Amino acid sequence: MADMITDLLIYIAIGIMTFAIGTILGYHILLMYYTKRFMVIAKQCSDVESVIPIIDELTRET
């Protein structure tokens, strides 16, 4: 019985750690993607000297 409880606790701990690692990794991947995307949009705005590319990106994302 004690072995089953120990195994259950180990599996729960592994599940929690996997969830935490996945959440942190996903956050950083999305942060890198949107930072890169923002720099592209900022460059486009600088090139055309207008905010139209930002508005176009917002309509595409929503």
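Figures for the structure shown
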| read-out | value |
| --- | --- |
| Additional length obtainable on full extension of the chain from Val40 to Thr6, 0.36 nm per residue less Cα span | 7.1 nm |
| Charge dipole (debye, nearest 20) of the chain; +1 at Cβ of Lys and Arg, -1 at Cβ of Asp and Glu | 140 |
| Rounded tilt (10° steps) of 2-48 against the dominant C-alpha axis of the chain | 10 |
| Estimated [θ] at 222 nm from DSSP helical runs (n ≥ 4, -39500 (n - 2.57)) normalised by residues in the chain, nearest 500 | -33000 deg cm²/dmol |
| Principal axis dimensions, the chain - Cα atoms, whole angstrom, descending | 70, 18, 8 |
| Folded to 0 to 90 degrees: helix 52-61 orientation relative to the chain principal axis, Cα | 30 |
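Coordinate-derived values only; no laboratory data. This is a predicted model, so every value here is computed, not measured. With ideal geometry, Cβ positions are generated from the backbone for all residues, glycine too; neighbour counts draw on all protein chains shown.
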